[in-house]
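See below for the structure under consideration.
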């Protein structure tokens with residue numbers, strides 16, 4: 001009961017901060033098991049770091065609305081938004097990052113070089129922060145364009161992983177490659193359905209025109 005009462009006193013920004021810290025800490029602590037297979041690496045470990053950044057950005061955004069955000073963050077965000085008025089640069093950056101982390105060579109590099117692993121954490125975390133702000137600023141057409149592009153890319157890469165008999169990753173077996181390909185195809189189907197479920201009101205309004 002004391003724990004519940006303690007958590008009840010937290011603000012929404014604090015909850016986002018806790019979620020961000022929990023995801024990032026889990027990605028660090030369980031880095032070995034979560035990168036032991038290609039599918040877990042691509043579809044669990046990398047998204048965990050990305051969503052840690054998303055929750056961190058949401059927490060800072062809520063703090064900004066309540067006037068508690070650091071002045072430095074407010075200045076940086078204001079300057080960044082001058083170049084990301086409609087969310088296109090941020091979404092383009094996220095699409096390029098998604099394409100990069102589907103490359104077998106990228107997965108091999110982070111298993112070989114500690115610097116590459118550290119950069120993966122840093123870049124994906126800040127990418128999550130940028131992605132959330134860009135999604136908020138983009139309109140429906142822009143969101144659909146980038147969502148469709150990412151899902152198409154995931155489906156194509158997933159099919160290639162399943163059809164190619166050559167071992168593409170030095171650190172992962174061909175069976176891991178096939179499993180990762182299946183999950184990428186599944187992701188390309190699930191993401192549009194999730195967007196449709198969340199944005200049903202927007203879709204109905206668009207179709208009623």
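Each peptide in 175-183, 55-63 was scored by the mean count of other Cβ atoms within 10 Å over its residues; highest first, the order is 55-63, 175-183.
Ordering of 188-200, 146-158, 121-133, 41-53 by packing is 41-53, 121-133, 146-158, 188-200, highest average first (other Cβ atoms within 10 Å, averaged per residue). Projected label points at residue 86 and residue 175, each 7 Å from Cα along the beta carbon direction, are separated by 4.9 nanometres.
Using the average count of surrounding beta-carbon atoms within 10 Å as a protection proxy, the listed peptides 25-36, 99-110 rank, highest first, as 99-110, 25-36. Potential lengthening of the chain between residue 140 and residue 25 amounts to 38.1 nm, from the contour at 0.36 nm per residue minus the alpha-carbon distance. Looking only at Cα atoms, what is the convex hull volume of the range 2-207 per residue, in Å³? Cα-based convex hull of the range 2-207, divided per residue, equals 149 Å³. Estimated at 0.36 nm per residue, the fully extended path between residue 167 and residue 95 surpasses their Cα-Cα distance by 23.4 nm. Both the radius of gyration and Dmax for the range 159-202 are 14.7, 46 Å, in that order, over alpha-carbon atoms.
Spacing of the modelled spin labels on residue 126 and residue 103, each 7 Å from Cα toward Cβ, amounts to 1.9 nm.
FYI, it's all coordinate maths here, none of it is from the lab. This is a predicted model, so every value here is computed, not measured. A quick note on method: Cβ atoms are made from the backbone with ideal geometry, for glycine too, and the neighbour counts reach across all protein chains shown.
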